[in-house]
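The values are calculated or read from the model by the stated rules, or taken from the named source; none is laboratory data. Remember, it's a predicted structure, so these values are computed and weren't measured experimentally. No Cβ is skipped: glycine too gets one built from the backbone with ideal geometry, and neighbour counts run over all protein chains shown. Surface accessibility is based on the protein's heavy atoms, side chains included, excluding ligands, DNA and RNA. Shrake-Rupley method; radii C 1.70, N 1.55, O 1.52, S 1.80 Å.
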Amino acid sequence: MSNTLFKGTAILTLGLFLSKILGVIYVIPFYAMVGEKNIGLYQYAYIPYNLMLAVAISGAPLAFSKYVSKYNSLGDYETGRRLLKSGLLAMIVTGFVSFLFLYFFADVLANITIRDDDKNHSVEDVASVIRWVSFALIVVPFMSLLRGFFQGYSFMMPTALSQLIEQIVRILFLLVGAYLVINVFDGTTKDAVEVAVLSAFVGALGGLVVLFYYWRKKKPEYNLLLEGSTTSHNVKLSDMYKEILVYAVPVVFLGVANPLFQFVDMLTFNRAMSGSVNAADSGDYLAMLNFQSHKLVMIPVMLATGFSMALIPLVTKYFTLKEHSQLSQTLDKTFQVLYFLTLPAVVGMTVLASELYHLFYEQSAIGSDILAHYLPVAILFSLFPVTAAILQGINQQKWIILNLLIGLLIKLALNIPLIALWETNGAIAATIIGYSVAIFMNIAVLVVTQDYRSKLLVRRITLITAMNVVMWIVAAITRLIVIKVMPAESKFDAIFIILIVGAIGGLVYGALALRLGIAQKLFGERLTKYTKKFGF
């Protein structure tokens, strides 16, 4: 892998990581301002928004960057610029249509989501926040295409920085706006939530400013390249879009996977809970699952996926060159790194679920249980996009769509009966089964088409699992001892327990990984050079 690819991957991963971390941290003050009842109203807006956004833009940046890069490498800079002009217009139209759809169908979605006798929110409350968040769809698709254009020139900084600034502006507007509504203008917490969801639109404007700055800065350079084009393929716009769609559609399905599973919960959960003794609290339970817990569950996902996805371009290379042994080694390493990074984060967070929920939200036995039961799904959330990306690398994109649809249909079929049986655990179980089937089918395609089998991978996964069992025992005992000395009565106590238990668990896991040599095998000679100094 070239230094350019490493650098680009590092920049994008860092930008995404910082953006996601901010997207978790802001929940602490926001939750304190609006409370548990109204945080559910906030997630009612964001689930359909994320779904529409994924449909509108998921494939655009990657597909566009691939197309621009392809013709740039042939010395044809004119084709990419023609596509930019046409594509920006297309994204404006796509964004506006998505906005209109979400805005005018807000009442329909709200009626499906909320029961008429819901004690916390009315249908109009839910419809209102969906309308407010829909404005962001006007800007974001346009912005995504500009990001793809820069990526086509292997210039990743605009994407990373615009994502970060977009998140910072969004969070500042959200927190300041909510505070002013409640404490200065004497508004209700529901009014504050409406202002908060509008922050998606304001944040997108902030990201767009960054992209325009880089466009003005780089335009003279790109114009020189355009003037120096050695060839022009005179590709018809219709042919351009056909080629882009072939690549973009599987990426769109990757982007909508998680929002679709959440959307199924949003549409079915409250009604499936109608016969439960906890029916009156179904809205709160759904918020605990799909917002509070989901925010924390995604932390181990972003810890692992960035590292693993850096290996994916090699899959395409080795598949194209028919270097099957190198391909198998790359797949081995991808799955090992993913499991090595994700599992200890999941185990550690599960042990500390009560303290994490207390720190970010409030003390809640129900919330902590939901988080602890939901956290293992992070492994599946990490594994599905990686297996799907590998299928793209070996030119088996059609299976991504089919496998995801089968998994989603299983989730849809099982959700209502399992929720009626086990409440939030039923929704989690349906997600686990749906994702597991989709991942199993992805891997089955890999096995059948590439004859991929690995005894080494089975041995390594067994070893990593055993290391995590040891870490879990140590972390659980440490937590019990610390709680005996200092019960978690405040958020400060929760932080202290998290730091102590996390540090000891991390040291145990790290020491085992180094002593057994698996860390050196996975992360290479550079790590070995440093570990030798400490006797590992």
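Brief remarks follow.
- Sum of side-chain charges, residue 171 neighbourhood, beta-carbon under 14 Å (Lys, Arg +1; Asp, Glu -1): +2
- The packing ranking of peptides 169-182, 471-484, highest mean first, is 169-182, 471-484, where packing means the average number of other beta carbon atoms within 10 angstrom of each residue.
- Computed over region 170-304, the quotient of the alpha carbon radius of gyration and 2.2 N^0.38 Å is 1.61.
- The lysines whose alpha-carbon is closer than 20 Å to the alpha-carbon of residue 317, local same-chain residues fewer than 8 away aside, are 7, 66, 70, 333, 398.
- Spatially, region 410-431 and region 446-460 are offset by 32 Å when compared through their Cα centroids.
- Checking (1) 25.0, 91; (2) 23.9, 74; (3) 27.9, 91 against the coordinates, the calculated Rg and Dmax of the Cα atoms in Å falls under label (2).
- Coordinate range along principal axes, alpha carbons of region 415-536, Å, largest first: 50, 49, 19
- Cα centroid separation, region 200-277 to region 145-180 (Å): 14
- Listed by chain and number, the aspartates and glutamates whose C-alpha is less than 12 Å from the C-alpha of residue 85, apart from same-chain residues fewer than 8 away, amount to an empty set.
- Summing +1 for each Lys or Arg and -1 for each Asp or Glu among the other residues whose beta-carbon sits under 12 angstrom from that of residue 273 gives -3.
- The peptide list 160-166, 351-357, put in order of mean Cβ contacts within 10 Å with the highest first, becomes 351-357, 160-166.
- Contact order normalised by residue count of region 179-308, Cα under 8 Å, 6+ apart, percent: 10
- Electrostatic tally near residue 467: other residues with Cβ closer than 14 Å to its Cβ, Lys and Arg +1, Asp and Glu -1, net +4.
- Positive end of the dipole of the chain (Cβ unit charges, origin at the Cα centre): among 463, 433, 86, the Cα lying farthest that way belongs to 463.
- Rounded D (µm²/s) - region 346-474, Kirkwood Rh over Cα pairs, Stokes-Einstein at 4 °C, 1.567 mPa s: 78
- Note that the chain presents 44 Å² accessible area per residue, ligands and nucleic acids not counted, probe 1.4 Å.
- Computed on the chain, with alpha-carbon pairs under 8 angstrom and 6+ residues apart, the relative contact order is 16 percent.
- Two-site label geometry, residue 451 and residue 246: point separation in nm, points 7 Å out along Cα→Cβ: 2.8
- The alpha carbon centroids of region 317-350 and region 87-121 are separated by 38 Å.
- Per residue, the convex hull around the alpha carbon atoms of region 68-158 comes to 101 Å³.
- Extension gain, residue 523 back to residue 329 (0.36 nm per residue minus Cα-Cα distance, nm): 68.5 nm
- For region 246-291, pairs of C-alpha atoms spaced more than 14 angstrom apart make up 57 percent of the total.
- Membrane-span-like helices in the chain, defined purely by DSSP H runs whose alpha carbon atoms cover 30 Å or more axially and whose average Kyte-Doolittle hydropathy reaches 0.0, are 3-25, 27-57, 77-104, 157-183, 189-227, 237-272, 324-351, 397-422, 424-450, 455-485, 491-515.
- With 5 Å bins beginning at zero, the pair-distance distribution over Cα atoms of region 450-507 amounts to 4, 17, 20, 15, 11, 8, 8, 6, 5, 3, 2, 0 %.
- Loop-resident sites, region 194-254, for trypsin sites (Lys or Arg not before Pro), counting at most 12 other Cβ within 10 Å (DSSP): 236
- The protection proxy used here, the mean number of other Cβ atoms lying within 10 Å of each residue, ranks peptides 29-39, 317-327 as follows, highest first: 29-39, 317-327.
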